[in-house]
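Have a look at the structure below, then the notes.
The values are calculated or read from the model by the stated rules, or taken from the named source; none is laboratory data. Since the structure is predicted, the reported quantities are computational estimates derived from the model, not experimental observations. Neighbour counts run over all protein chains shown; Cβ positions are idealised from the backbone, glycine included. SASA here: full protein model, heavy atoms, side chains in, ligands and nucleic acids out. Shrake-Rupley method; radii C 1.70, N 1.55, O 1.52, S 1.80 Å.
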Amino acid sequence: MMRRLPAVLLLLAAPCLVPSPRAAAADSLSGRVASAVASKQGKALRVSVGVWDARTGEVLHESSGATTRRPASVMKIATTAAAMLTLGPKAEFVTEVFATSEPDDGVVAGDLLVRGTGDPGINNRAAPGTAETILRDMAKAVRAAGVTRVRGNLVLDDTAFTGPMRHPGWEWDDGEWAWFKAPVSSILLTDACVELAVLPGASEGAAAILRSDPATQAVRFIDKVVTAPSSQKKTNVVLGRSDGAGTIAVTGSVPAGSQGYRFEAACVDPAEHFGDVFLRVLKENGVVVDGKPVVVRNPGTSTAGPRIVSADPSDLVKLARHATPVLDVVRVANKHSQNLYAEILLRAVGRASGDDGSFEGGCRAARKALGFDPSDASFVQVDGSGLARENQATPAAIGKILVKMYGSPSGRDFIASLPAAGEADATLRKRLEGAKYEGRVFAKTGTLRDTSSLAGYVRGKGGRTFAFVVLCEGEVGRARELQDDVVEALVVE
């Protein structure tokens, strides 16, 4: 029996089987796409669309192609492509632990130093408690190296990135500490978030119980949630604004006898969060630090603290290391539309290109890696995730990236990092379901309150692979229907 090739290999390797004559087929495809667009667009929905042959870059359809629109999370296509081209899929983000001097009879006279480059892999994505398990393994490695006591501080070197941790275009008034607005730091734990469980109290009217995973004192919450009557049924929990000192109020109600409510809240300071938890885990595993967590940052960084690490780099003694490959970060950024992961990739692209690890430096480096001239107004990027509304692009700009990546050495990995039609654990999980889409559609979604986008690849029934971009502003539900209709028009080709 002949074995079936994996879907992504088919997408890249299938022969270009185009009905003859070629021009007539292109007209037919363009007509179907145009009909799909015309049936849904109107005053409530503004649309820009482009379709290309993914292998050759030939333009097969374009409507309002010169009009820039907000790409929303489709901007992650640009960010992850720039990372694959600049860093490579096998490069690593790391979190390392050093002693500032050799231990003497188990005692380090100086500090314990944690240095990060944006490693997001110490998280609970695999299962609850995984992040603390990873920290415990790192603490055990420190202990195995002979360290039992540290006379100095736990210093957290958060200098790999520069500039503010959150972009001013992220509209903080709307859900200031929502998980998708997590601050960008080079030292990370649980995706720069605290996972909270709000459980009902012992009786109606009692204060609810607030628990975090991992347990931390660095992220402070004021519990104002009450236990409501069991008849209420619905849970209503709201994160308030920060009081300026890093304390966040949690208000609302949770029904008595219920399973409670679980959610993620962004950290005010990710490096402080890491330091607080790691200090506790070190102690639990036989390493006592006499001092306290001290965060070192670059000037101009949000909540800037001390700027001097108390050791010459040549004197550092490596004790523990954790690493996450770039490809793993790309997959999470694309399949789950995880904003923090995209922002980490953007800043790493800036650093690797000789620019700085800021929003601006990363965008400059990404533009260069993707082949856009500095004056090209068809592609305006201000962050890595697409969350800021200042991001603008034409379909042709995004299409250029898709065609470039299709023919690149990292093409298979890049396509596989995109959500697949109907994939259970990705952002297309409730869309494009059915056998005719299976293994044929790999596409990134993008959504803001008045923006919906879809872009990626479709392998038609004839074996030809298309790159497509649909950028919509207006009614989101109608936009998604239009996008799905465009994909269907391509699948049947």
Every residue from region 184-201 that is buried (at least 23 other Cβ atoms within 10 Å of the Cβ) and either of a type in the set (G, A, S) or under 18 Å from the mean Cα position of the chain (by Cα) (or both): V184, S185, S186, I187, L188, L189, T190, D191, A192, C193, V194
Test result for T80, modelled with pLDDT of 95 or more and open to solvent by less than 10 Å² (accessible area, probe 1.4 Å): yes
Index of the failed condition, S73 passing every other in (1) out of contact with any Ser or Thr (no Cβ under 6 Å at 6 or more places or on another chain); (2) open to solvent by 10 Å² or more (accessible area, probe 1.4 Å); (3) assigned to a helix (DSSP H, G or I): (1)
Residue match in region 296-313 (condition: buried (at least 16 other Cβ atoms within 10 Å of the Cβ), modelled with pLDDT of 95 or more and among the charged types (D, E, K, R)): no
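Hey, can you tell me all the residues within region 133-150 that are under 19 Å from K292 (Cα atoms) and either in a helix (DSSP H, G or I) or open to solvent by 10 Å² or more (accessible area, probe 1.4 Å) (or both)? Write out each step before concluding.
Applying the first criterion (under 19 Å from K292 (Cα atoms)) to region 133-150 yields 135-136, 138-139, 142-143, 147-150.
Selection gives L135, R136, M138, A139, V142, R143, T148, R149.
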Verdict on G121 being small (G, A, S), in contact (Cβ under 8 Å) with a residue 24 or more places away in the chain, touching a strand residue (DSSP E or B) at 6+ places or on another chain (Cβ under 6 Å) and part of a loop (DSSP other than H, G, I, E, B): yes
Subset of region 421-472 [surrounded by fewer than 20 Cβ atoms within 10 Å (Cβ to Cβ), part of a strand (DSSP E or B) and not hydroxyl-bearing (S, T, Y)]: L448
Residue list for region 236-258, filter: part of a loop (DSSP other than H, G, I, E, B) and either modelled with pLDDT under 90 or in contact with a His (Cβ under 7 Å, 6 or more places away or on another chain) (or both): D243, G244, A245, G246
Odd one out for S385 among (1) closer than 24 Å to L418 by Cα; (2) surrounded by fewer than 18 Cβ atoms within 10 Å (Cβ to Cβ); (3) among the hydroxyl-bearing types (S, T, Y): (2)
Any hit, region 154-169, residues being more than 29 Å from S101 (Cβ to Cβ), of a type in the set (D, E, K, R) and surrounded by 16 or more Cβ atoms within 10 Å (Cβ to Cβ): yes
